[in-house]
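Everything below concerns the one structure shown next.
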């Protein structure tokens, strides 16, 4: 299968790059793409940059130039006051915007031409390897163009989406492009910090020491299962 894998930051890309066999670099629209193989799959791996616009541009460039059958987004997410804590993994079965409202007659989070909730690939979400660890949670991930770091920001998001497990800045935009282009989408993120905590920034910075064992092993399991 031809699979696109998208991360937002260089730290995430450095963790993924060693997994790629026979890597080759190509640049399109000033975006570097690393092509190669992971196991039996042909992969195209890219770092889109932080935020929804960067994510959307990167995803559209990926889809239109490489035509993947599946797009996977992985990386980090902030806690949202749910049971998912630092180093827990969130499999996003639904993704919604927490910073979008298109005016009267529309629902909060509902982007133009799109549903309020983007649904990810059920076949991948149901893989047994994603249910054999109590620190893997399945549910709603919310996206917005803000690094959520304060309790009041979490409270606002939870008032809109009480069931939210974690928050990020890219997955909604990636999901929207995949929805509009009719490409399968799967999203798996690891919780990096607790917004509102006294040591929130320190949590985020120190998190990277432990991240590989909680994300890359799961991505490998997913790829080997499909």
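Annotations
- Test: residue in the range 172-192 that is modelled with pLDDT of 95 or more, closer than 21 Å to residue 15 by Cβ and not in a strand (DSSP E or B): yes
- Here residue 108 meets each of (1) assigned to a loop (DSSP other than H, G, I, E, B); (2) surrounded by 23 or more Cβ atoms within 10 Å (Cβ to Cβ) with one exception, condition (2).
- Taking (1) farther than 25 Å from residue 69 by Cβ; (2) surrounded by fewer than 19 Cβ atoms within 10 Å (Cβ to Cβ) in turn, residue 180 satisfies each apart from (1).
- Among residues of the range 115-135, those that are buried (at least 17 other Cβ atoms within 10 Å of the Cβ) and modelled with pLDDT under 95, counted: 0
- If you filter the range 209-225 down to residues that are touching a strand residue (DSSP E or B) at 6+ places or on another chain (Cβ under 8 Å) and either farther than 26 Å from residue 118 by Cα or surrounded by 15 or more Cβ atoms within 10 Å (Cβ to Cβ) (or both), you find that the one that is modelled with the lowest pLDDT is 211.
The values are calculated or read from the model by the stated rules, or taken from the named source; none is laboratory data. Computed from a prediction, not measured in an experiment: that's the story for all the values here. Positions of Cβ are backbone-derived with ideal geometry, glycine not excepted, and every protein chain shown enters the neighbour counts.
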